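The values are calculated or read from the model by the stated rules, or taken from the named source; none is laboratory data. Everything quoted here is computed from the prediction, not taken from an experiment. With ideal geometry, Cβ positions are generated from the backbone for all residues, glycine too; neighbour counts draw on all protein chains shown.
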């Protein structure tokens, strides 16, 4: 897995599912004299970036547009075209749409804004064609072979949450996790080991059997048992849809300590529950506008000025994806490997450049890569703190696992 950097020009809206926006007509090609005095067309080089998205993909398109605007819509001195596709709901049709983007539209890299299932299909097609792909959508999605994933890996999330808890003074933790989810099991295991390695104790690690009322009844019993041990913090490695109800259940069980959760939890869904329960909730987030980094500040300022709106995580991820992809294309061009006549060879060159990329600092975090550990990103931890009227969302810190 690798880091990435990118470029793109005009963002085309797409209203018909499965349809492809055609790039703007290029200027007439230059000509050169051929053998026998005839003229041969010389194709003007163009960088093409594909975006495949569910719905209108407005957030992803905005992020890509901002990244390209700061480069005057050129990468390595080459103009950029953006080809946007609205993803079909049928997975077979989705695979064909991605194949068309690569083979017919001749894109040099893909930005994928889909849920986990769609992203898995799109990245598998891109991988087969040695096409760099970067994810913007569902944080539960698997990272693509060549680029960034929306969320840090579950084991990094667990280690970061353990460090956050220990730095906050927690000495004893209780852990409850969804046994049916590999990523949540991994998060719980990594948290437990890291918390112990940092000098804490974890006397209870308990599993709940998936979702549904039976699982919730089991969770309520485990929370009551955890409360009897009086932990300083509780990790609930549970899916986002169960988070708000679980926080309220923790308070009803007598727990009045911080609750921790992984990526996918959101302040919008959790704030009412945290306020009602009077409990602090900390979880892994994908993006926060108050992150103390010049890259984040520049993105947030540009987004607010351009769109008169608050930036979203999807827009920030798309911005970083475009920046990453642009950097890889520039590296390929600098090595003399951007071939306007051979898009497939250029895609391989861009993929190679991504393989060589070792560090990227973006709006959403810091990314590093190595042959041993692949691509990794810093982990943002945020806190929901009950207030006078509603729970306030604060950035707790950025942690390098």
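When residue 199 is tested against (1) touching a strand residue (DSSP E or B) at 6+ places or on another chain (Cβ under 9 Å); (2) assigned to a loop (DSSP other than H, G, I, E, B); (3) surrounded by fewer than 22 Cβ atoms within 10 Å (Cβ to Cβ), only condition (1) is not met. Among the residues in the range 378-392, are any buried (at least 18 other Cβ atoms within 10 Å of the Cβ), in a loop (DSSP other than H, G, I, E, B), at pLDDT 90 or above and out of contact with any helix residue (DSSP H, G or I) (no Cβ under 8 Å at 6 or more places or on another chain)? There is at least one residue in the range 378-392 that is buried (at least 18 other Cβ atoms within 10 Å of the Cβ), in a loop (DSSP other than H, G, I, E, B), at pLDDT 90 or above and out of contact with any helix residue (DSSP H, G or I) (no Cβ under 8 Å at 6 or more places or on another chain). The residues of the range 94-118 that are part of a loop (DSSP other than H, G, I, E, B) and either in contact with a helix residue (DSSP H, G or I) (Cβ under 7 Å, 6 or more places away or on another chain) or closer than 20 Å to residue 137 by Cα (or both), listed by number, are 106, 107, 108, 114, 115.
If you check 320, 339 for being under 19 Å from residue 110 (Cβ atoms) and free of Cβ contacts under 8 Å to residues at least 40 places away in the same chain, only one passes: 339. If I filter the range 105-135 down to residues being more than 20 Å from residue 353 (Cβ to Cβ) and touching a residue at least 40 places away in the same chain (Cβ under 8 Å), which single residue comes out as surrounded by the fewest Cβ atoms within 10 Å (Cβ to Cβ)? Top of the filtered list is 115.
Kindly indicate which of 172, 167 is at pLDDT 95 or above and surrounded by fewer than 16 Cβ atoms within 10 Å (Cβ to Cβ).
167
Rundown of residues vs (1) at pLDDT 95 or above; (2) touching a strand residue (DSSP E or B) at 6+ places or on another chain (Cβ under 9 Å); (3) assigned to a helix (DSSP H, G or I), yes/no style:
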residue: 301; (1), (2), (3): yes, no, yes
residue: 327; (1), (2), (3): no, yes, yes
residue: 338; (1), (2), (3): no, yes, no
residue: 341; (1), (2), (3): no, no, no
residue: 355; (1), (2), (3): no, yes, yes
residue: 372; (1), (2), (3): no, no, no
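On the given criteria, is residue 150 in contact with a strand residue (DSSP E or B) (Cβ under 6 Å, 6 or more places away or on another chain), in a loop (DSSP other than H, G, I, E, B) and modelled with pLDDT under 90? So residue 150 fits the description; yes.
The set of residues from the range 42-58 being buried (at least 24 other Cβ atoms within 10 Å of the Cβ) and under 26 Å from residue 90 (Cα atoms) comprises 49, 50, 51, 52, 53, 57. The residues of the range 256-304 include none that are surrounded by fewer than 16 Cβ atoms within 10 Å (Cβ to Cβ), under 19 Å from residue 397 (Cβ atoms) and touching a helix residue (DSSP H, G or I) at 6+ places or on another chain (Cβ under 7 Å). Name every residue in the range 73-93 that is touching a residue at least 60 places away in the same chain (Cβ under 8 Å) and not in a loop (DSSP other than H, G, I, E, B), in order of residue number. Residues satisfying the conditions are 74, 75, 78, 79, 80, 81, 82, 83, 84, 85, 86, 93.
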